[in-house]
1. Calculate, in nm to one decimal, what Gln81 and Arg116 gain on full extension: separation in residues at 0.36 nm each, minus their alpha carbon distance.
2. Given 0.36 nm per residue, what is the gain on full extension from Thr237 to Leu329 after removing their alpha carbon distance, in nm?
3. Please compute the net charge surrounding Met203, taking Lys and Arg as +1 and Asp and Glu as -1 over other residues with Cβ under 11 Å from its Cβ.
4. Can you tell me, using C-alpha contacts under 8 Å and at least 6 residues apart, the relative contact order of the chain as a whole percent?
5. Taking K and R as +1 and D and E as -1, what net charge do the other residues with C-beta under 9 Å from the C-beta of Ile282 add up to?
6. Counting helices only, and only those DSSP H runs with n ≥ 4, report the 222 nm mean residue ellipticity of the chain as the sum of -39,500 (n - 2.57) divided by its residues, in deg cm²/dmol to the nearest 500.
7. Full extension from Val131 to Thr266: what is 0.36 nm times the residue separation minus their Cα-Cα distance, to one decimal in nm?
8. If you roll a 1.4 angstrom probe over the protein chains with everything in place, what fraction of the accessible area of segment 1-124 belongs to carbon and sulfur, to the nearest %?
Amino acid sequence: MKAIIPLAGKGARLRPHTHLTPKPLLKVGGRPVMSYILDDLVELGVREFVFVIGYLGDTIRAYVETDYPQVEAHYVVQEVQNGTAGAIGLARPWADEDLIILFADTIFDADLTLVRRLSADVGGVLWAKEVDDYGRFGVMITGPDGTMQRIVEKPDEPVSRLANIGLYYVRDRELLFEGIDHTLSVGPGPGGEFFLTDAFQYMVDHGSKLVVELVDGWYDCGRAETLIVANRHLLDTGRGGIAEGANVTGAEVIQPVRIETGAEVTGGRIGPNVSVGKEARIVDSVLQNTIVGDATRIERAELQQSLLGDHTVVTGIRGQVSIGAHSELTGEP
């Protein structure tokens, strides 16, 4: 089994944080979003990965080579941003085994070992999350046996509440790439893009049995506000704590929080739902629902729902802040 991970997007919804850092390498719970995905796949037994890169691709490559030297990694550049079908189509030269396909801007709670227990007639698995705001997503319509019949993008009516989360397992890989070829041949969809879901529809229409499975949890990391929600989930489920090399003096700490090695917190109040990066320095400040980057300095600030990149300086500010790396924001003395 091999994994295909598309990573070519520019992360426009997370600017300015993605000007210097690829979206999958933004941190939640003290680690890059992408690391949680890679750890799950390595634990599943996947050893060969195809990374479809583009924007800041060299940064992605350097991260994988440094932090995951044990995996066999292939890289292909998506020169034209023509959608998810186009991205996965580029991985065809390495697609000679069963495939796990997933997008690296989400964190999920799912039992991936399910793929080891499927009956022989199953052509693949599409994971979904039951949601109330179905109009924001592509949703899956299933048959009585729990297999996919159709995917409907952002329906006006509640035809289904099973949101497509971008996590797939494919056995019928030849039919998948046949579906991708068909999708690319009939013209783009909205926004000039070709969607992988159209290839899945092609597979179903040509007899493939695609099972829809629910995940226990799904956390979007594609926007600042959802990144903060994902951070809280991770802090609540084992990623919280104060590192041995951190120094907290005279500050009230309200769990869950995560304070990394080398960070210093003096006075004020930290938490709940705050991650503080390595070597950060926070003085006489009140922070909640906030992610603080490495080597960032905060003094006399009151921040909530905030996202601060690495090496930033924030002084005398109250409210909600979102600033990228190497920025400075100064308010009242």
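The values are calculated or read from the model by the stated rules, or taken from the named source; none is laboratory data. Predicted model, so just to flag it, every value in this text is computed and none were measured. Reconstructed Cβ throughout: ideal geometry from the backbone, glycine too, with neighbour counts over all protein chains shown. In case anyone asks, the SASA skips ligands and DNA or RNA and just uses the protein heavy atoms, side chains included. Shrake-Rupley method; radii C 1.70, N 1.55, O 1.52, S 1.80 Å.
1. Details: separation 35, 0.36 × 35 = 12.60 nm, distance 3.35 nm.
In short, 9.2 nm is gained.
2. Working: separation 92, 0.36 × 92 = 33.12 nm, distance 3.25 nm.
Gain on stretching Thr237 to Leu329: 29.9 nm.
3. On the way: positive: Arg171, Arg173, Lys209; negative: Asp172, Glu174, Glu178, Asp198, Asp205.
Once all neighbours under 11 Å are counted, the net charge is -2.
4. On the way: 799 pairs, mean separation 48.3, N = 333.
So the answer I get is 14 percent.
5. Details: positive: Arg281, Arg297; negative: Glu264, Asp284, Glu299.
Local net charge: -1.
6. Working: 6 runs with 63 residues, N = 333.
Helices in the chain give a 222 nm mean residue ellipticity of -5500 deg cm²/dmol.
7. Taking 0.36 nm per residue and subtracting the Cα distance, the gain is 44.5 nm.
8. About 50 percent, which is the carbon plus sulfur part of the accessible surface.
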